[in-house]
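Structure first, commentary second.
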Ligand code: SF4
């Protein structure tokens, strides 16, 4: 289950935003965290610029 991307996007240059994983956005009162469902540690250091698990999300899955 994913949550909709927040506005503004945290680390907009991150690969995670375009990933088919898909990431979940965990929001607190002051921050938004990008949680990866594939990584054992769940939270990759952001911004992710390269990831061996990245698979581009199909255009139809985008808004
Ligand atoms: S697989 Fe990699 S690029 Fe995709 S959401 Fe997880 S950390 Fe981000």
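The values are calculated or read from the model by the stated rules, or taken from the named source; none is laboratory data. Since this is a predicted model, take the numbers as computed values, not measurements. With ideal geometry, Cβ positions are generated from the backbone for all residues, glycine too; neighbour counts draw on all protein chains shown.
Values as computed for the structure displayed
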item	result
The range 24-50, subset assigned to a loop (DSSP other than H, G, I, E, B) and modelled with pLDDT under 95, residue nearest to the ligand (Cβ to nearest atom)	31
Count of residues meeting criterion [more than 16 Å from residue 58 (Cα to Cα) and either out of contact with any strand residue (DSSP E or B) (no Cβ under 9 Å at 6 or more places or on another chain) or in a strand (DSSP E or B) (or both)] in the range 9-23	2
Test: residue in the range 51-61 that is more than 12 Å from the ligand (Cβ to nearest atom) and touching a residue at least 40 places away in the same chain (Cβ under 8 Å)	yes
Selection status of residue 10, within 12 Å of the chain's Cα centre (by Cα) and within 12 Å of the ligand (Cβ to nearest atom)	no
